[in-house]
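Note sheet for the following structure.
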Amino acid sequence: MAHLTNPGPFHPSIPRPLHNPASAPAPAAAQPQVHDHGAAPANHNHDHLTSTTQLRTATPGASQPLMKSPSATHALIRGDRTAGMLTMSDDHVMMNQILATHAPDGRDVDVRPLLYLVEDILNRATEHVDFIIKGTQAQIEMEEKAQQANYIAMLEALTFTIDRIACELSYKALRGSDPHATTTAIFSFLSSYAWDAKLVLSLSAFALNYGEFWLLAQIYSTNQLAKSMAILKQLPSLLEHTAPLKPRFNALNTLIRTMMDVTRCVVEFKDLPSMYISPDAPALASAMTLIPTAVYWTIRSMVACATQISSLTSMGHEYGVSATESWELSTLAHKLQNIHEHLRKQLNLCYQHIEEKKDVDTFHMLLKLFDPNVAHIDNMKHLKALIYAGDDKLPLLDGATRRKVGLEVLRRRNVLLLISSLEFSGDELAILEQIYSDTRMHEAGMQSHYEVVWIPVVERSGVPLSEETRTRFEALRSSMPWYSVEDPFLIEKPVMRFIKEVWHFRTKPILVVLDPRGKVLSQNAIHMMWIWGSAAFPFTSYEEEKLWSKETWQLNLLIDGIDPLILDWVHRCTIYSYVYACIHTYYMQLIRDFELNLDQIKDGKYIFLYGGDDMEWISKFVASARTVASAFGIPLEMVYVGKSNKREQVKKVAAIIKERKLSHCWEDPAMVWFFWTRLESMMFSKIQLGRADDLDPIVQGIKKLLSYGREGGWAVLSEGSNILVNGHSTTVLPTLVDYVKWRGNVAEKGFNLSFIEYHDQLHNVAHPCCRFEFLATTKAPESIRCPECHRVMEKHTAFVCCHDEQAIPDSLFAS
């Protein structure tokens, strides 16, 4: 197995015969040398290892008979092993001996490709089930790296060293030498190497012997050369008596796998990136203190395993299994497992530290990338930083074709990033889909103005996603007609931090708008989308200001895009109002002469939008409104639009209204949700623009509606699109009930003015309380004025829980 080689540039000439290090006086105590770099080179004490030639040609002397009987050798091995275990009691002295041999010369040996080869050998030799079933990426990497010239050269340079250690393991195992002395000799021979290199080189030597043993065992029955060699090693006899030897091989395999676990750990520590973790980091410092001990006991375990194999091949299956041998293997395995657990724990802490550092760097990179003062050619850097930077997978799913696509489909396009958690309201999604579909339909045959990409924000409580979370994600993704991120785990933690801290994402969906160069045009255009839909493109603050400049406090603003029937009423009324205006101009003089009050001529329709959840109030309100309309002969339409909360209760009230045919009502909960969401969006839009002026009639009207929608009933009366009254239940119903008190003013002032004046009188007395609720997950304004009294409102913290199932007494459902 072993052979003479050119030692190469890394090694001195073949050394002289060794002396027994165990017989030498113990060296002075030495502190653990945590770092190898920068240490001064030391003289290589290679004479602790017997030369290859001497191992093969040693001549027995007086103290070494030509042939020992199996029983005598058996006793010698057991005796030496027991003595060796007894000398392990003083760990401090022992480790001082090992540390005294450590004199790294600063060379940097990449042991990864060598470790891949060793793992492949030992996994196959120990019939590692996971390795055989799954295969390993390490095997693929090993094959690729083995082809590279620099690795081949490195392996050639290390062959001499590996061969020397392999010979030492075999020779000392046959002689029954003290295990600690053999281990110390190996450390002395490898004194100039770093800890990870010592370990991998020693494991390579052991794999060379162990792999040869099992290679012959696997092929001797089909290969004549292997058969002849196997007979020399007594393998056929061993394999015929596998049953009694099985416990020993199981113990060997357990220890070997633990040796590999520790080795991988030590190599991983060496590969930690110094730019993200410094040697004085607590986890790394703690591990580096333990690594010399870990390397010692791993090599010591190799010596024990080599002794077991040598005893089997030299003495056959009659060697048997003693309690001492089983105890030694199990003790070493237990000790190494404890060491591995501690190292793995520290390694995980190191990885966590590195991950945190990388996350901070990524976060700062995102801040620089999205700096509005920095110009870019296109948006690819931004999208890759947010979604996925690699080229090895397609990170998007096309909602139209259900195929995976790359980020290139978004290059130099306006991109709307729809960011949400998996708690995505069905109403929100339905309305967004409708807006998106309408836009695509109107742009048929033309390139769309923008592309939408859904970015899911999923907290990583576990890897992989739970079945429930995965199902919810896939269900949401499958319902979206636009692009979506293919896997929520593509969105990394620093990206989620950026989304939350910079773009202020909480729980409700936001819509971030990027122009073709990746510049952020709007951190949240969802409000503009709810109010104006795609008409708000390109969703800039300038466009938002321009759209608001065209709006007035009218019914069109409140119900635009929600109920076509109401819009039809409004449009018809607008035509009638135009005709009425012409008639009014023509007959102005006649009015003076004949005292004809054209306010009594009503060609248009009056519309009551109303809401609430008090069925008793609703019944009285509808009846009173019908009475007033009949008394004054005005055409009246009424629409129930619910309230901003208590969804289930609103659905029940709508069902009652429909059953009793009280008025028109919105049966689709999505319409009710959209009405109130648009109102909230209008409020947030005004706040974002800094235009929440208390003198703005739109702001005042929105504030009142949002406040009334939380408590009690409310109603908005309009003539066509012109809003006359926006009132609370405590003022609107009394105005209708007491119409006899103000009907006398109609002949002089007209219906509109008479109704408004009487309502305002009641309002000035009642002054209903106002309140606004902002979720803790949304960005609330610092202060807000009451729309009734215009004083700054007090800020309170509220905990709200609405139980819709107990909202309406069963008696109200009686027919």
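Strictly over 32 Å apart at the Cα level, which of Lys652/Lys741; Lys335/Lys393; Lys404/Lys493 would you flag in this model?
On the way: Lys652/Lys741 35 Å; Lys335/Lys393 43 Å; Lys404/Lys493 23 Å.
Going by Cα-Cα distance, Lys652/Lys741; Lys335/Lys393 fall outside the 32 Å limit.
Run the simple label-point estimate for Ala375 and Gln352 please: 7 Å along Cα→C-beta, distance reported in nm.
Calculated label separation equals 4.7 nm.
How much area per residue is accessible in the range 379-536 when the probe is 1.4 Å and only protein heavy atoms are counted (Å²)?
45 Å²
From the Cα gyration tensor of the range 379-536, with a ≥ b ≥ c the square roots of its eigenvalues, which class applies: rounded if a/c is under 1.5, or else prolate if a/b is larger than b/c, or else oblate?
rounded
Over the range 670-765, one equal point on each Cα, no solvent: what is log10 I(q)/I(0) by the Debye formula at q = 0.18 Å⁻¹?
The calculated log intensity ratios at q = 0.18 Å⁻¹ are -0.91.
Once each part is reduced to its C-alpha centroid, what is the distance from the range 518-558 to the range 686-763 in angstrom?
Answer, in whole Å: 26.
Largest first, what is the accessible-area ranking of Arg164, Arg403, Arg626 with a 1.4 Å probe?
Output order, biggest surface exposure first: Arg403, Arg626, Arg164.
I'd like the carbon and sulfur percentage of the solvent accessible area for the range 379-536, probe radius 1.4 Å, heavy atoms only, ligands and nucleic acids excluded.
Of the solvent-accessible surface of the range 379-536, carbon and sulfur hold 50 percent.
Keeping all protein chains in the complex and leaving out DNA, RNA and ligands, what accessible area do you get for Arg440 with a 1.4 Å probe, in Å² to the nearest 10?
Approximately 60 Å² for this residue.
List the lysines whose alpha-carbon lies under 20 Å from that of Lys246, not counting same-chain residues fewer than 8 positions away?
Counting by Cα, and skipping residues close in sequence, Lys246 has these lysines nearby: Lys233.
First measure r as the distance between the Cβ atoms of Asp91 and Asp280, then evaluate 1/(1 + (r/R0)^6) with R0 = 25 Å and state the FRET efficiency to the nearest 0.05. Each step should come with its number before you reach the end.
Working: r = 26 Å, r/R0 = 1.02.
Efficiency for this residue pair is about 0.45.
The values are calculated or read from the model by the stated rules, or taken from the named source; none is laboratory data. Treat the numbers as computed from the prediction; the structure is a model and nothing was measured. Cβ: placed from backbone, ideal geometry, glycine included. Neighbour counts: every protein chain shown. Only protein heavy atoms, including side chains, enter the accessible area calculation; ligands, DNA and RNA are left aside. Shrake-Rupley method; radii C 1.70, N 1.55, O 1.52, S 1.80 Å.
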